[in-house]
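The block underneath contains the structure these notes are about, expressed in structure tokens.
The values are calculated or read from the model by the stated rules, or taken from the named source; none is laboratory data. Quick caveat, the model's predicted, so the values are computed rather than measured. Cβ atoms come from the backbone with ideal geometry, glycine included; neighbour counts cover every protein chain shown.
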Amino acid sequence: MRIRQHQDIGLALLIGVISGFIGWMVNMPLPWMLGPMIGTTLAAIVGLPVRGPGQLRTIVIPVIGVLLGSAITPDLFDRLGSWTLTILLLPFFLALAAGVSIVVYRRLGGYDPVTAFYAAMPGGLNEMLILGEAAGGDTRKIALAHAARILIVVTLVVMYFGYVLGVRSGTDGRGIVPISAITLTNGLILLGCAVLGVYGGRLLRLPAATVFGPMILSGIVHLVGWVEIAPPTVLVIVAQIVIGTIIGARFVGSSPRQIGRDLWIATVASVAMLVVALGFAEVIALSQGIPLSQAFLAYSPGGLTEMSLLTLALGQDIAFVSVMHIVRITLVIAIAPATFQVLMRRKR
């Protein structure tokens, strides 16, 4: 059984690597994430025995946190004041985006109220799955809805950046940082950030602890000058391949018809949320002078890991975008159960 699982994981990663290479060859925006996402999703739809490399995820996620922290610079503190309005508008964005999404899942999808509510919440997949199950929702539909949301949002955001804004991946051959650029001392410090960051983040009960903990420690060591090296390009590419493969493999076990239906509903809901996100991003861009691309990334309702990695690969402001997504997920986890109870009481 274990051998078969390893074979399925190996097949998924092989498809991910090949799909990423094809995406890079055809000049696809963010090829090393988008390619594996599309490739493994298609493999799942046609019934190939693929399995997401979950064990690699436990390694890759802290590494991504370290990579994100390496982009934090001393001028971060000078820019904090310009983030205030973005944070203040986040609850209003969440209310509007989630409200529109709930309507889609109720009217178009025919989901029951509990399942529609937790499927529509732009929070973390695991957290919404746990909360939805506790409230009596359909866990399979909730899981597929969030997997589809992340797939659709990342795909559409990449396409928007590549074909509308003209922003391409930062790993296309320009400014490549070789793995050999990291010294033994730097490597040990960054490894310590990854390991201690995970344990410290969990101990402090930080949101998205496996990303946020390493990101904080990495940001500190880069700010004080202990490490100055940029993320090696190969690590960014490997992280994209693993995450993209995991996203696509989440659809394994569902029938092609069910996957197609869930993707269709999620596409409508995701497009609606992205339209709302773009509207809020325009307000932030015009009033705060923050580039529209960064404001849009900050409000795009994808997963924290995926959107942060996307921001890193596109060469955008990682600190700004990551913090906004951490605040978003924290707000959703904290407010969603109470909001659901209030809505249910009003319907009685």
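If you go through the range 16-34 and keep only what is at pLDDT 85 or above and closer than 12 Å to VAL158 by Cα, you end up with just TRP32.
Quick check, is LEU68 within 21 Å of ALA285 (Cα to Cα), in contact (Cβ under 8 Å) with a residue 24 or more places away in the chain and either buried (at least 24 other Cβ atoms within 10 Å of the Cβ) or under 16 Å from the mean Cα position of the chain (by Cα) (or both)?
no
Criterion applied to ALA249, ALA208 was being buried (at least 20 other Cβ atoms within 10 Å of the Cβ), at positive phi and either modelled with pLDDT under 85 or of a type in the set (A, V, I, L, M, F, W, C) (or both), and the one residue passing it is ALA208. Selection of the range 200-220 for residues being part of a helix (DSSP H, G or I), in contact with a Gly (Cβ under 8 Å, 6 or more places away or on another chain) and farther than 17 Å from SER322 by Cα yields GLY200, ARG202. Residues in the range 23-37 that are buried (at least 23 other Cβ atoms within 10 Å of the Cβ) and assigned to a helix (DSSP H, G or I): GLY23, PRO31, TRP32, MET33, LEU34, GLY35, PRO36, MET37. How many residues are surrounded by 19 or more Cβ atoms within 10 Å (Cβ to Cβ) and more than 20 Å from the chain's Cα centre (by Cα) if we restrict to the range 84-113? Residues that pass the stated criteria total 5.
Listed by first and then second residue, the pairs with beta-carbon distance under 6 Å, at least 6 apart or on different chains, first residue in the range 253-282 and in contact (Cβ under 8 Å) with a residue 40 or more places away in the chain and crowded, with 18+ Cβ neighbours inside 10 Å, second aromatic (Phe, Trp, Tyr) and assigned to a helix (DSSP H, G or I), are ALA277/TYR299; PHE280/PHE93; PHE280/TYR299.
Conditions tested, residue by residue: (1) surrounded by fewer than 18 Cβ atoms within 10 Å (Cβ to Cβ); (2) in contact with a helix residue (DSSP H, G or I) (Cβ under 8 Å, 6 or more places away or on another chain); (3) modelled with pLDDT of 85 or more; (4) assigned to a helix (DSSP H, G or I).
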{"site": "GLY136", "(1), (2), (3), (4)": "yes, yes, yes, no"}
{"site": "LEU144", "(1), (2), (3), (4)": "no, yes, no, yes"}
{"site": "ARG149", "(1), (2), (3), (4)": "no, yes, yes, yes"}
{"site": "VAL157", "(1), (2), (3), (4)": "no, yes, yes, yes"}
{"site": "TYR163", "(1), (2), (3), (4)": "yes, no, no, yes"}
{"site": "ARG168", "(1), (2), (3), (4)": "no, yes, no, no"}
{"site": "GLY173", "(1), (2), (3), (4)": "yes, no, no, no"}
{"site": "VAL177", "(1), (2), (3), (4)": "yes, yes, no, no"}
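Here the range 331-348 is the region considered, the condition is being farther than 17 Å from GLY99 by Cβ and of a type in the set (A, V, I, L, M, F, W, C), and the residue that is surrounded by the fewest Cβ atoms within 10 Å (Cβ to Cβ) is ALA334. Among the candidates VAL323, VAL236, single out the residue that is modelled with pLDDT under 80, in a helix (DSSP H, G or I) and either buried (at least 24 other Cβ atoms within 10 Å of the Cβ) or under 17 Å from the mean Cα position of the chain (by Cα) (or both). Exactly one residue qualifies, and that residue is VAL236. Is at least one residue of the range 47-59 surrounded by 19 or more Cβ atoms within 10 Å (Cβ to Cβ), over 22 Å from VAL227 (Cβ atoms), among the β-branched types (Val, Ile, Thr) and under 16 Å from the mean Cα position of the chain (by Cα)? No, because not a single residue in the range 47-59 is surrounded by 19 or more Cβ atoms within 10 Å (Cβ to Cβ), over 22 Å from VAL227 (Cβ atoms), among the β-branched types (Val, Ile, Thr) and under 16 Å from the mean Cα position of the chain (by Cα). Taking the condition in a helix (DSSP H, G or I) and surrounded by fewer than 19 Cβ atoms within 10 Å (Cβ to Cβ), does ARG328 pass? No; evaluated as a whole, the condition is false for this residue.
Considering the range 41-109, the qualifying helices (runs of 4 or more DSSP H), each wholly inside and each with 1 or more residues that are among the polar types (S, T, N, Q), run over 54-69, 84-103.
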